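Note sheet for the following structure.
The values are calculated or read from the model by the stated rules, or taken from the named source; none is laboratory data. This structure is a prediction, so every number in the text was calculated from the model and none was measured. Cβ placement follows ideal geometry from the backbone for every residue including glycine, while neighbour counts extend to all protein chains displayed. Each accessible area value is taken on the protein alone, full model and side chains, heavy atoms only, with ligands, DNA and RNA left out. Shrake-Rupley method; radii C 1.70, N 1.55, O 1.52, S 1.80 Å.
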Amino acid sequence: MHTNRYVTRDIATIGPDADLAAAAKVMRQHHVGFLVVVSERNGVRHPVGVLSDRDIVMESVAEDISPHELKVSDVMTTHPLVASIDDDLEDLLAHMRENGVRRVPVVDKNGTLAGIVSFDDLLQTLSRMLGNMASSVINQRVTEIEMRKQ
């Protein structure tokens with residue numbers, strides 16, 4: 001299975017020069033706890049880092065530093081794990097496990113940001129698939145019972 005099938009394309013991003021207060025506002029606006037930090041060249045976004053709500057708490061709030069004093073680039077994870085849309089999903093999951101991350105930016109063949117893959121989204125997909133499988137088992141039994149009544 002290719003990663004492309006499981007990419008969430010509507011994602012929240014921010015530039016590295018924004019302050020942490022602005023990042024927190026973007027997170028709140030989009031109801032997320034994770035931003036892909038992008039550099040934009042000629043209208044094309046390339047991931048240069050990632051920022052989580054935990055990063056903001058640990059580096060600003062917990063240290064009693066105003067979120068207006070720190071830039072995203074000061075606390076973001078630089079050189080994050082990044083996937084290609086053509087990567088094998090099972091290989092990507094292994095890399096996510098090895099790196100201890102739940103969300104990964106995904107790029108196309110040109111290195112342009114295409115979206116993210118998250119464990120949360122994958123768990124929802126897997127749950128839906130397992131539900132369909134369970135329904136098939138139940139429906140098979142019901143169908144067999146109905147057929148035997150005739």
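What distance in nm lies between label points placed 7 Å from Cα along the C-beta direction at residue 89 and residue 41?
3.3
Note down the nm distance, to one decimal, between modelled labels 7 Å out along Cα→Cβ at residue 63 and at residue 1.
3.9
Could you grab the relative contact order for the chain? Cα pairs under 8 Å, six or more apart, rounded to a whole percent.
25
Be a star and scan region 115-131 for residues whose amide nitrogen sits under 12 Å from the point 7 Å along the Cα-to-Cβ vector of residue 138.
131
Leaving out same-chain residues fewer than 8 places away, which lysines sit with a Cα under 29 Å from that of residue 109?
Result set, ordered by chain and number: empty.
Can you give me the accessible area per residue for the chain, using a 1.4 Å probe, in Å²?
Accessible surface, normalised per residue, equals 66 Å².
For region 51-95, with all protein chains present and a 1.4 Å probe, just round the carbon and sulfur fraction of the accessible area to a whole percent.
Answer for region 51-95 is 48 percent, counting heavy atoms of protein chains only.
Counting only GluC sites (Glu not before Pro) that are in a DSSP loop and have at most 15 other C-beta atoms within 10 Å, tell me the longest site-free stretch of the chain.
Counting only loop sites that pass the neighbour cut-off, the longest clear stretch is 70-150.
Which angle between 0 and 90 degrees, to the nearest 10, do you get for helix 20-30 versus the longest principal axis of the chain when only C-alpha atoms count?
Once rounded, the angle reads 30 degrees.
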